[in-house]
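Here the structure comes first, spelled out in structure tokens, and everything after it is commentary.
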Amino acid sequence: MRKNIVAGNWKMNKTLPQAIELINEIKNNKPNNNAEVILATPFPYLVKAVELVAGTDIKIAAQNMHQAEGGAFTGEVAASMLTSVGVNTVILGHSERRAYFHENDALLANKVDTALVHDMTVIFCFGEELKDRQNNNHFNVVEYQLRDGLFHISKENWKNIVLAYEPVWAIGTGETASPEQAQEMHLFVRNLVDKVFGREIAENVSILYGGSVKPDNAKEIFSKPDVDGGLIGGAALNATDFFGIISGI
Ligand code: PEP
């Protein structure tokens, strides 16, 4: 049975006191349903975040990591550093990393491998740009992103994978994919996983939708059979909005 997940991607937002306040609010007051809640905070707050959620079922994730095991990579963070502070989940392939930091599918494949060596859970993001959808090329783009960045892994590693479909045109724009568009792509992706890795893996992998999910559209998007939750940006920075989205599961 696949999990329902609501993950908040805080991006480069909040000071430490603000982060502590939000984590405490989420910890103390989040709706209790069957959604697994993951918070991807900025790197400097990860140690504190892990400490704050200890004893709860909230998980803390990193927003990125380097593919190398360690060494002379100024400014970068290794998988072993994350796991050593209790962070066992990482977001890889976010469209902002692809666009602004030139992370391509080959690099992402390396990052995925490193994360898996460390037994981390990878939230693997993918999604088409507006021009791809306008050219009716969105299924192809998504298929290549998955094949080139992720599908080299073994069947055993799928227990560590969460997929996140994030159409670039819907991220931070206020324009969300319709529930039907999300369902159509999620079903396409699940069928693709089925074709390559078999039905059991396809049925068990959680596929999250991301892109301007808000409390007022979450329930309808999450009600679709192949949408197993969301990766939330802007609306994860405010407890009321985040709770409204969690309640939509
Ligand atoms: C994201 O960046 O992963 C995201 C989905 O952002 P937003 O919810 O703000 O569109």
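How would Phe101, Phe243, Phe126 rank on accessible area, largest to smallest, probe 1.4 Å? Present the calculation step by step, with values, prior to reporting the outcome.
Values: Phe101 115, Phe243 30, Phe126 5 Å².
Solvent-accessible surface, decreasing: Phe101, Phe243, Phe126.
Over all Cα atoms in the chain, the spread is summed up by Rg and Dmax: 16.8, 48 Å. Hydrodynamic analysis of region 159-228 uses the Kirkwood radius over alpha carbon pairs. Inserted into Stokes-Einstein at 4 °C and 1.567 mPa s, it gives a translational diffusion coefficient of 105 µm²/s.
Which order do Glu25, Glu69 take when ranked by solvent-accessible area (1.4 Å probe, heavy atoms of all protein chains), largest first? Spell out each step's value before the answer.
On the way: Glu25 75, Glu69 105 Å².
Final ranking, largest accessible area leading: Glu69, Glu25.
Scanning the chain for DSSP H helices at least 20 Å long along the axis (C-alpha atoms) with a Kyte-Doolittle mean no lower than -0.5 picks out 179-197.
With a 1.4 Å probe and every protein chain kept in, tell me what percent of the accessible surface of the chain is carbon plus sulfur. Percent of accessible area from carbon and sulfur atoms in the chain: 51. Estimated from helices alone, the mean residue ellipticity of the chain at 222 nm is -12500 deg cm²/dmol (sum of -39500 (n - 2.57) over DSSP H runs with n ≥ 4, per residue). You can think of it this way: the chain between Arg2 and Leu130 has 43.1 nm of extra reach, that is 0.36 nm per residue less the Cα-Cα gap.
Considering only the other residues whose Cβ falls under 12 Å of the Cβ of Asn137, what net charge follows from Lys and Arg at +1 and Asp and Glu at -1?
Details: positive: Lys131, Arg133; negative: Glu128, Glu129, Asp132, Glu143.
Once positives and negatives cancel, what remains is -2.
Think of region 47-159 as having a plus end and a minus end, set by charges on the Cβ of Lys, Arg, Asp and Glu; of His66, Val122, Ser80, Val122 sits farthest toward the positive end of this dipole. For the peptides 158-166, 31-39, the ranking by mean Cβ contacts within 10 Å, running from highest to lowest, is 158-166, 31-39. Calculated translational diffusion coefficient of region 24-102 (37 °C, 0.692 mPa s; Stokes-Einstein with Kirkwood radius over alpha-carbon pairs) equals 237 µm²/s.
The residues Thr176, Thr15, sorted by heavy-atom accessible surface at 1.4 Å with ligands and nucleic acids left out, run Thr15, Thr176 from largest to smallest.
Computed about its Cα centre, the charge dipole of the chain is approximately 280 debye, with only Lys, Arg, Asp and Glu carrying charge at their Cβ. A simple count of charges around Asn4, restricted to other residues whose Cβ falls under 10 Å of its Cβ and scoring Lys, Arg +1 and Asp, Glu -1, yields 0.
Length available on full extension from Glu25 to Ser178: 0.36 nm per residue minus the Cα-Cα distance, which gives 52.1 nm. So, counting K/R as plus one and D/E as minus one, what does the shell of residues with Cβ under 9 Å around Leu108 add up to? Result for the neighbourhood of Leu108: 0.
Assuming R0 = 30 Å, can you tell me the calculated FRET efficiency for the pair Asn238 and Ser80, based on Cβ-Cβ distance, to the nearest 0.05? Write out the running numbers ahead of the final one.
Working: r = 33 Å, r/R0 = 1.11.
Using R0 = 30 Å, I get an efficiency of 0.35.
For region 181-235, trypsin sites (Lys or Arg not before Pro) meeting the loop criterion (DSSP other than H, G, I, E, B) and having at most 13 other Cβ atoms within 10 Å: none. Partner lysines whose Cα lies under 28 Å from the Cα of Lys48, excluding those fewer than 8 positions away in the same chain, are identified as Lys3, Lys11, Lys14, Lys27, Lys30, Lys59, Lys111, Lys159, Lys214.
In this Cβ point-charge picture (+1 for Lys and Arg, -1 for Asp and Glu), region 67-188 has a dipole of about 140 debye about its Cα centre.
At a probe radius of 1.4 angstrom, the accessible area of region 105-204 per residue rounds to 44 square angstrom.
The values are calculated or read from the model by the stated rules, or taken from the named source; none is laboratory data. Computed from a predicted model, the values in this text were never measured in an experiment. Reconstructed Cβ throughout: ideal geometry from the backbone, glycine too, with neighbour counts over all protein chains shown. All accessible areas refer to the heavy atoms of the entire protein, side chains included, with ligands and DNA or RNA removed. Shrake-Rupley method; radii C 1.70, N 1.55, O 1.52, S 1.80 Å.
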